[in-house]
Structure formats: C-alpha cells, structure tokens
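Notes follow once the structure below has been shown.
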Amino acid sequence: MQTTFTAQQLADPLTARSNEILRTCVHCGFCTATCPTYKVLGDELDSPRGRIYLIKDMLENSRVPDPKTVQHIDRCLSCLSCMTTCPSGVHYMHLVDHAREYIEAHYRRPLSDRLLRWLLAKILPYPGRFRLALRGAKLARPLRRLMPDPRLRAMLDMAPQDIAPPSLNDRPQVFPAQGARRKRVALLVGCAQRALNTDINDATVRLLRRHGCEVVIPKGLGCCGALTHHMGRTGESHAMAAANIRALAAEIDGAGLDAVVINTSGCGTTVKDYGHMFAGDPLEADAARVAKLARDITEVMADLGLTDATHAAPLRVGYHAACSLQHGQGIKATPKELLTDAGFTVLEPKDSHICCGSAGTYNLMQPAISAELKARKVATLEATRPQVIAAGNIGCMMQIGSGTGVPVVHTAELLDWATGGPRPRALQGVKIPQQG
C-alpha cells in the first residue's frame with residue numbers, strides 16, 4: 001500500500017511504525033475471511049482491510065476522526081485473527097492501537113460514551129473497586145429491565161453469582177518450591193481476575209510449586225495496562241505497565257527470574273509487547289527484559305513437563321482457544337497437548353479461530369455484536385458434547401460461562417487437578433456422567 005506521510009509526520013515514532021505497517025498491506029483481503037465482525041456485520045469497513053483504509057486516511061491527513069471512522073474502529077475486537085491469516089505479515093495490532101490512541105486524543109465522544117469509558121478505566125483495573133462494583137451490580141440486577149442503555153445491562157450481567165473473598169495468595173510474598181528448585185518465577189496476579197475468579201491464581205501457584213518452581217509475587221504488581229491500552233488511554237496504561245516493569249526489573253536484578261508467568265492470555269499479549277510500548281522511553285531496556293521473560297503458564301508447564309498427571313477424571317474437555325493466546329502470542333498446540341498429557345480427551349470446536357466476543361471491555365461496550373459471537377462460540381463448543389470447557393483467559397471464561405450450563409474452568413485448574421491438586425471448584429457438586 002502506498003502512503004504519503006510527510007517527513008514531519010514520520011518524525012513521530014508511532015506514525016513511522018504505522019507507515020511501515022501500512023506499506024506491508026497488499027489489499028489481498030484474506031483477512032476478511034477470518035474477521036469476526038465482518039462475519040457478523042458483512043460490512044467491508046468492519047473488516048481489517050476496511051479499517052486499514054480508514055486508519056490510513058485519518059492518520060495521513062491528520063484529520064479529526066469522524067463518527068463513522070470511530071464507530072468502525074470501536075467495533076474491532078482486536079482479536080488479531082487477521083494477523084494469523086495475513087500472508088504479508090501486516091502487524092495490525094500496533095496499527096489499531098495507534099488509531100485508538102489517536103482517536104482518544106482528537107475525538108470528543110458523546111457524554112454517555114465518555115462516562116462509560118471513564119467508569120471502566122477507573123474500576124476494572126483495580127481489584128478492590130471492581131469487587132465493590134460487582135457487589136453493587138448483583139444488588140441492582142433486579143432493575144436490569146429498567147436500564148435504558150444495553151451497555152449498562154451488560155455490566156449488570158457481568159457480576160457472578162458468587163463473589164469470592166480476596167485470595168491471600170495474591171499478596172506480595174514468596175512461595176518456596178516443593179522439592180528441588182528448578183526455576184524461580186514471578187506470577188503476574190492480574191487485576192480483574194483477582195475479583196472475578198480467585199481459583200485461577202491459587203491453582204497456578206500450586207501447579208508451579210509442585211513442579212519445582214519458587215513463585216514470587218513481587219510488591220508493586222498490578223494491572224498490566226491492557227484494558228486501558230486498548231481503549232486508547234495511553235497515559236493510564238503506561239503508568240500501570242511502568243509500575244509492573246519496575247517491580248519485575250527489581251526481582252530480575254535481585255534474586256533473578258527465569259520467567260514472568262502469566263495466566264491471563266490477554267495480559268500476556270500486552271506484557272510481551274512492552275518493548276514496543278516503551279520504545280524511546282527511559283524504561284525501554286527494562287521493558288524489553290520483562291517482555292523477553294514473559295511466558296504463558298502453558299509455555300512454562302510444557303518446558304517443565306507434567307509429573308504424575310494421573311489424579312483427574314478422564315473428562316471430555318472442550319478447549320476454547322483464546323484469541324490473545326492463539327493469535328496474539330501464537331500459542332496453539334501447547335495447551336491441548338498438556339491437557340492430553342494430563343489424561344483428558346481434548347475436543348476442538350468448529351471455527352476455533354473465531355473470537356467468543358469477550359475481548360477485554362468489548363462485551364461491555366459492544367454488547368449486541370458480543371452476544372452474537374458468544375452464541376456462535378457456545379453452540380460450537382456444546383456441539384462437541386464436552387463435560388467441561390477449558391480456556392486460558394478470564395474474559396473468555398466469563399463470556400462463555402454466561403451462555404452455557406457446561407462448567408468452564410481455566411486450563412491451569414485442570415492441570416493442577418491432574419497433578420495432585422483439588423478438583424476445580426466449578427466442578428464441585430456437579431455430577432459429571434461418565435462417557436461410554
């Protein structure tokens with residue numbers, strides 16, 4: 001694709017990067033075949049190729065974004081399926097992130113949009129605030145039908161039936177390895193996950209310790225910045241990311257780290273991109289060190305190898321491949337191989353490359369499209385007749401779980417159970433019929 005950015009425009013590193021990306025696009029249209037919003041809406045401007053044209057026009061002309069452009073960019077899930085499909089290697093993630101930052105800086109949204117986005121940015125990344133909001137949403141749920149905005153109804157629907165108290169394991173501390181120490185790792189405990197499902201971090205700590213890892217929860221860890229980063233709120237997202245980078249760099253320079261373990265794949269995609277996010281910043285070197293050590297929990301477990309994986313029932317597991325894991329990080333076979341090694345029968349649904357519609361805050365800001373994608377994903381998963389559904393991202397778990405009666409658990413919970421941990425709480429009290 002030809003571009004006509006001026007030398008003055010290209011002096012901006014973000015614009016220079018976007019120019020590189022735009023020039024790799026050859027208009028082939030392969031991306032339209034795997035784009036979830038194009039499948040649902042059928043509009044070329046709701047495909048990656050269409051959005052690329054809109055972004056190019058907006059950035060090249062340094063123009064104030066118009067409502068039409070903003071609408072189509074907002075409808076993008078950032079699922080990154082297009083990056084897996086693209087034969088030319090177009091790095092759509094960096095391009096759409098730049099577009100969102102540009103829109104945030106130059107476009108004045110309607111008041112309702114500004115208030116909603118402010119609310120999400122000030123609540124979701126903070127576990128304490130989020131926990132209080134979830135309790136409030138539970139109390140307000142009987143008034144759901146009176147809510148005029150479907151986005152507010154979606155927020156009420158997000159609250160789980162049971163809100164667990166904070167886990168003591170999420171506090172800054174060091175968990176010694178069981179047996180000989182093989183690795184020293186830091187665990188990114190996350191933000192929303194700590195309020196929505198405390199079992200995931202608990203299971204991850206047990207699993208890592210059992211396999212010879214000393215697990216560190218460094219002081220100062222918080223939200224990775226992904227939620228606000230994908231809303232274009234760069235100042236807030238970078239402040240959160242910087243706090244994590246400093247905390248983790250201190251551990252690297254202190255007792256050392258073999259990996260930064262992440263069990264929420266949406267966070268993992270962002271942390272692995274810290275080097276790009278902080279290019280030219282004084283924290284660039286430390287950001288790159290952290291990004292280089294970032295590993296999804298399944299990557300770490302594949303390296304360690306499962307030991308004595310004989311304790312779980314041999315269930316039929318419908319595996320949901322989170323977009324941020326398969327497209328954002330390129331991790332596709334590893335989780336399925338680990339589950340198979342743990343004695344489970346792994347079932348992969350049709351169109352497993354298509355997003356479930358969660359996508360960070362997308363299900364709250366674009367509830368209609370999100371609901372359509374959820375229905376499609378649940379139907380394909382249930383068609384495999386699973387006894388349990390496994391995923392590697394809390395957002396996907398909440399999204400799918402709200403549309404099915406099949407228990408939904410994190411992959412790490414099943415691996416923990418298989419290697420000697422407790423049966424996942426989501427499966428407690430659930431009679432799972434044996435398959436004949």
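The values are calculated or read from the model by the stated rules, or taken from the named source; none is laboratory data. Since the model is a prediction, treat every value here as computed from it, not as a measurement. Neighbour counts are summed over all protein chains in view; Cβ atoms, including those assigned to glycine, are modelled from backbone coordinates with ideal geometry. Just the protein is used for accessible areas: all its heavy atoms, side chains included, with ligands, DNA and RNA removed. Shrake-Rupley method; radii C 1.70, N 1.55, O 1.52, S 1.80 Å.
A few notes on this one:
- The residues of region 1-120 have, on average, 46 Å² of accessible surface per residue, using a 1.4 Å probe with all protein chains present.
- Computed accessible area, residue 111, all protein chains, 1.4 angstrom probe, square angstrom: 100
- The largest accessible area among 372, 60 belongs to the first residue in 372, 60, and the rest follow in falling order (1.4 Å probe, all chains).
- Cα gyration tensor shape for the chain, rounded if a/c is under 1.5, else prolate or oblate: prolate
- Convex hull (Cα only) mean projected area of region 304-371, reported in nm² to one decimal: 5.9
- Average projection, convex hull of the Cα set of region 83-158: 7.4 square nanometres.
- Between residue 408 and 389, the built amide H atoms are under 5 Å apart, and every one of these is 5 or more places off in sequence or on another chain.
- Residue 22 accessible area, assembled protein chains, probe 1.4 Å, Å²: 0
- Percentage relative contact order, region 334-386, counting C-alpha pairs under 8 Å, at least six apart: 37
- In order through region 4-13: 3J(HN,Hα) via Karplus (6.51 cos²θ - 1.76 cosθ + 1.60), integer Hz, x for Gly, Pro: 9, 5, 7, 4, 5, 5, 6, 5, 7, x
- Surface composition of region 254-353: carbon plus sulfur atoms hold 48% of the accessible area, using a 1.4 angstrom probe and ignoring ligands, DNA and RNA.
- Proximal charge balance of residue 348 [Cβ under 14 Å; K/R count +1, D/E count -1]: +3
- Residues in region 232-279 average 29 Å² of solvent-accessible surface per residue, probe 1.4 Å, ligands and nucleic acids excluded.
- Sorted largest first by accessible area at a 1.4 angstrom probe radius, with every protein chain in place, the residues 155, 58 fall in the order 155, 58.
- A cut-off of 5 Å between modelled amide H atoms, ignoring neighbours fewer than 5 places along the same chain, links residue 331 with 326.
- Computed on region 75-229, with alpha-carbon pairs under 8 angstrom and 6+ residues apart, the relative contact order is 23 percent.
- Note that region 208-215 has calculated 3J(HN,Hα) couplings of 5, 4, 4, 9, x, 9, 7, 10 Hz, one per residue in order, obtained from phi through the Karplus relation 6.51 cos²θ - 1.76 cosθ + 1.60 (θ = phi - 60°); glycine and proline are x.
- For residue 225, no residue whose modelled amide H falls within less than 5 Å of its own remains once neighbours fewer than 5 places apart on the same chain are excluded.
- For the set 417, 118, solvent exposure ranked by accessible area (probe 1.4 Å, protein chains only) runs largest to smallest as 118, 417.
- Per residue, the convex hull spanned by the Cα atoms of region 204-253 amounts to 81 cubic angstrom.
- For region 17-150, average projected area of the Cα convex hull in nm²: 9.9
- Based on DSSP H segments of at least four residues, each scored -39500 (n - 2.57), the chain has a per-residue ellipticity at 222 nm of -14000 deg cm²/dmol.
- Region 197-240: trypsin sites (Lys or Arg not before Pro) in DSSP coil with no more than 11 other Cβ atoms inside 10 Å: 219
- Integer Hz, Karplus 6.51/-1.76/1.60 couplings in order for region 150-158, x for Gly and Pro: x, 5, 5, 5, 5, 5, 5, 5, 6
- Total formal charge among the other residues, if their Cβ is under 15 angstrom from that of residue 404, Lys/Arg +1 and Asp/Glu -1: +3
- Cα-based radius of gyration of region 297-427 once divided by 2.2 N^0.38 Å, which approximates compact folds: 1.01
- Gap separating the Cα centres of region 146-207 and region 87-124, nearest whole Å: 26
- Taking the chain and dividing mean pair separation by its residue count, relative contact order in percent (alpha carbons under 8 Å, at least six apart): 14
- Those trypsin sites (Lys or Arg not before Pro) in region 320-405 that DSSP places in a loop and that have at most 16 other beta carbons within 10 Å: 332, 350
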